[in-house]
Number of protein chains: 2
Amino acid sequence: MDQFTNAHRPLYEVKANLFKGLAHPVRVRVLEVLASADHVSVADLLSDTGLEASHLSQHLAVLRRHNLVVAERRASQVFYRLAYPQVADLLAISRQLLVDILQNTQQQLDSTINLADAVAPRGPDSTSTS
Amino acid sequence: MDQFTNAHRPLYEVKANLFKGLAHPVRVRVLEVLASADHVSVADLLSDTGLEASHLSQHLAVLRRHNLVVAERRASQVFYRLAYPQVADLLAISRQLLVDILQNTQQQLDSTINLADAVAPRGPDSTSTS
DNA sequence: CAACGATATGATGAATTTATTCATTCATAA
DNA sequence: TTATGAATGAATAAATTCATCATATCGTTG
């Protein structure tokens, strides 16, 4: 029932669950705003993202349940911040990874086009497959 | 339609998509094996995980589509390895984060138990005149 | 070539997640 | 108190993902 009671479960399940918490564009967007600006009000998130209030709120609830963010009330407004700095690290590394992936797949595309007729491929790591 | 054609989409969508690729226990497990042992055959993954062949294969396909692993055929067997070292980094940081989260929530639980009696709960009835 | 072992793919219903609508709570102001 | 703005929460249909079964493909061996 409760997938958020992380204790006493195989680590790979808990880890997969963490990634589930990150696996939505809205939530990534929110986390990125929080990573760069820290301490942001729901109102600001709303205008930043252009989402419907309840939709955003639902995703904020997911982030809270996953212990990725912390909410704090300050006079009729609610402010969010990242619960742990590693969340920002995760986002940073995933960006690095994506840059590498995009570069690489772009290269592959290019070479595929280049040898559209014949010769031996010159991939980034192809060590003389002759 | 094709969520794997990463080009020309907002980065937060691509990033969320990456996390989706990581968001399953079987896939995390496979990636962790590859992170520690690199270059592992499907047969080994099968015996390691005890999964049904087609089930594992399906998850391997997901990992391939997300460009997280690379498959290489060597004489009737297929070997997998991580496509990028950052994938291992991602796993490592997520473990760190989870350790922190678990520590923290455990502490919170403890203190909650400690003051389980004294706190005055808010209620609709006004019988709480001390 | 045919048969076999090793992987991969397709198709299906079950389970989960998402987007939306409506209703509710909380805090301040009148 | 009632009204109002800010944010959350429930309920539900649509979309997605998962697990399982059956079938297909790729290499090797006979």
Going by the structure shown, is A:Leu91 at pLDDT below 95 and surrounded by 12 or more Cβ atoms within 10 Å (Cβ to Cβ)? no
In the range B:4-26, what residues are at pLDDT 95 or above and more than 7 Å from chain A (Cβ to nearest Cβ)? B:Asn17, B:Gly21, B:Val26
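Okay, residues lined up against (1) modelled with pLDDT of 95 or more; (2) more than 21 Å from B:Phe19 (Cα to Cα); (3) buried (at least 16 other Cβ atoms within 10 Å of the Cβ); (4) of a type in the set (A, V, I, L, M, F, W, C):
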{"position": "A:Ser41", "(1), (2), (3), (4)": "yes, yes, no, no"}
{"position": "A:Ala53", "(1), (2), (3), (4)": "no, yes, no, yes"}
{"position": "A:Leu60", "(1), (2), (3), (4)": "yes, no, yes, yes"}
{"position": "A:His66", "(1), (2), (3), (4)": "yes, no, yes, no"}
{"position": "A:Ser76", "(1), (2), (3), (4)": "no, yes, no, no"}
{"position": "A:Leu82", "(1), (2), (3), (4)": "yes, no, yes, yes"}
{"position": "A:Leu98", "(1), (2), (3), (4)": "yes, no, yes, yes"}
{"position": "A:Leu102", "(1), (2), (3), (4)": "no, no, no, yes"}
Inspect the range B:62-79 for any residue being polar (S, T, N, Q) and within 13 Å of chain A (Cβ to nearest Cβ) and give the result as yes or no. yes
Qualifying position, being farther than 15 Å from A:His66 by Cβ and among the hydrophobic types (A, V, I, L, M, F, W, C), among A:Ala35, A:Ala16: A:Ala35
Just give me the residues in the range B:32-57 being within 14 Å of chain A (Cβ to nearest Cβ) and more than 10 Å from DNA strand C (Cβ to nearest atom), in sequence order. B:Glu32, B:Val33, B:Leu34, B:Ala35, B:Ser36, B:Asp48, B:Thr49, B:Gly50, B:Leu51
So in the range A:15-31, with the set limited to residues that are of a type in the set (D, E, K, R) and within 13 Å of DNA strand C (Cβ to nearest atom), which one is farthest from A:Phe4 (Cα to Cα)? A:Arg29
State whether the residues of the range B:34-47 include one that is under 27 Å from A:Val26 (Cβ atoms) and touching a helix residue (DSSP H, G or I) at 6+ places or on another chain (Cβ under 7 Å). no
Please identify the pairs in which a residue from the range A:93-111 that is closer than 13 Å to B:Asn67 by Cα has its Cβ atom under 9 Å from the Cβ atom of a residue that is charged (D, E, K, R) and modelled with pLDDT of 95 or more, counting only partners at least 6 apart or on another chain. A:Ser94/B:Lys15; A:Leu97/B:Asp89; A:Leu98/B:Lys15
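The values are calculated or read from the model by the stated rules, or taken from the named source; none is laboratory data. Model, not experiment: these values are computed from the prediction. Cβ sites come from the backbone with ideal geometry, for glycine too, and all protein chains shown count toward neighbours.
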